[in-house]
Amino acid sequence: MNLSLEKVALNVFALVIFFSHFGCGKKKNSSEALPPEYLTTISEFSLSGTPLDIAMYGDYGVIAMGERGLAIVNLKTLPSPVLINEIKVGSDVRRVEVVGDYAVILDALEGVQTVYIKDPNSLSLAGQIGLIEIGDYAHDLLVAPDMPDYMFLATHLNGVRLYDMSSMAHPIEVPLVLSDNLTLVNNIFVSQNAEGVGVRLLTSSYLKGVNIYDVDVANGTFVKLTTLEVDGHPKKITYDKTTNLVYVAALDGGLQVFDVTDLADIKKDLVFNSLDENVTDFALTGSRLIVVTSIEGTSSYTLHVLEKEASSASFRLLESKKRQGQFGSLTIVGDDIIVADALVGITTFRFSDLNIINEAKAEMAAAEAAATTEATVSEGQVP
């Protein structure tokens, strides 16, 4: 539905509410009127397997499918996605990144594999990095968009490992010189620093919190800068180099933000927390923040839509939408939130235009106020 049609639909909705009070003899309880949604479900697409992660390659969703390997889905056809192809790689594919014409996939036990995806109808295995031979397994991988030739791999026993990926068919490990023991890392984030002249690596560990490093990727040198004092057990981290803010989702600690502009004076704030569920994922898009909460061991999760306050770094909650399923990961493409759900498949949600939402809500409020005034007058009271 295009913008003009959405606006017409929402305005019609508001008028229906208005005339339900004035155009009929029957009075309607204002609590029965449902406000427009900030987030609507536009598609649920079932897949055979266990969708755990998703990355985008143009109009295609590249999906880590657990024991079934990798799947390619055409999302240009939303709200009716189309499965294009699958390839059986690994035994438990849990993470996927797209770099150029390659999908870089992480198998928890078998390591990293690269798949050539330029022709989605004809997928082929390109290269592999094995971990079984060194008796280790991996938790996370990351190829930073501004450094596509390098991949960072978070392993359980050997900490962060660095690979030169300039040849996807033949990745080369870069020996590391560490200033700190980087074992038991469960999540990593890599970006150029705010000045754009160096590389900043963030690592999280359930036991060691969140550490920030400066990295010389050419020489494999890591220098620890600081440790962030995180409440709870960190699960996911993101660094926004344009604002020098680090966002941390922590089990039992909510979503926290750290201003690291001055490492000698780091400022910390709590962005969002839930009394009943743990924050398991989040994503920033413009002024909106999507936060995912869930309870471990249950088959449901909640998407929370927050909007950044214009004059501060704070966010206000717009809507919370509870869903049945088992959340894997999410990616945001334009106004669409695409969720990999291990039970449901691929679910797509769409943002509504905030201006249209606010107009509709204002019209609804005016209609309800007018109805209240009419009821008061009809009962012989002075409004």
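Conditions tested, residue by residue: (1) assigned to a strand (DSSP E or B); (2) over 16 Å from the mean Cα position of the chain (by Cα); (3) in contact (Cβ under 8 Å) with a residue 40 or more places away in the chain.
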{"site": "LEU303", "(1), (2), (3)": "yes, no, yes"}
{"site": "GLU307", "(1), (2), (3)": "yes, no, yes"}
{"site": "LEU317", "(1), (2), (3)": "yes, yes, yes"}
{"site": "ILE332", "(1), (2), (3)": "yes, no, yes"}
{"site": "ILE356", "(1), (2), (3)": "no, yes, yes"}
{"site": "GLU359", "(1), (2), (3)": "no, yes, yes"}
{"site": "GLU363", "(1), (2), (3)": "no, yes, yes"}
{"site": "THR376", "(1), (2), (3)": "no, yes, no"}
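ALA365 passes every criterion in (1) touching a helix residue (DSSP H, G or I) at 6+ places or on another chain (Cβ under 9 Å); (2) over 30 Å from ALA250 (Cβ atoms); (3) not basic (Lys, Arg) apart from (1).
Given the structure, is GLY127 under 22 Å from the mean Cα position of the chain (by Cα) and of a type outside the set (S, T, N, Q)?
no
Each row is one residue, and each column tells you yes or no for (1) surrounded by 14 or more Cβ atoms within 10 Å (Cβ to Cβ); (2) of a type in the set (S, T, N, Q).
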{"residue": "LYS267", "(1), (2)": "no, no"}
{"residue": "LEU270", "(1), (2)": "no, no"}
{"residue": "THR280", "(1), (2)": "yes, yes"}
{"residue": "GLY286", "(1), (2)": "no, no"}
{"residue": "ILE290", "(1), (2)": "yes, no"}
{"residue": "GLY297", "(1), (2)": "no, no"}
{"residue": "SER300", "(1), (2)": "yes, yes"}
{"residue": "SER314", "(1), (2)": "no, yes"}
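All of (1) within 24 Å of ILE332 (Cα to Cα); (2) surrounded by 20 or more Cβ atoms within 10 Å (Cβ to Cβ) hold for TYR213 with one exception: (1).
Of all the strands (runs of 3 or more DSSP E) wholly in region 205-274, which have at least 2 residues that are at pLDDT 90 or above and among the aliphatic types (A, V, I, L, M)? Walk me through it before giving the result.
On the way: elements: 209-216, 221-228, 233-240, 245-251, 254-259, 267-272.
Because the criterion is at least 2 residues that are at pLDDT 90 or above and among the aliphatic types (A, V, I, L, M), the strands (runs of 3 or more DSSP E) in region 205-274 that meet it are 209-216, 221-228, 245-251, 254-259, 267-272.
The values are calculated or read from the model by the stated rules, or taken from the named source; none is laboratory data. Given the structure is predicted, the values throughout are model-derived calculations rather than measurements. Cβ atoms come from the backbone with ideal geometry, glycine included; neighbour counts cover every protein chain shown.
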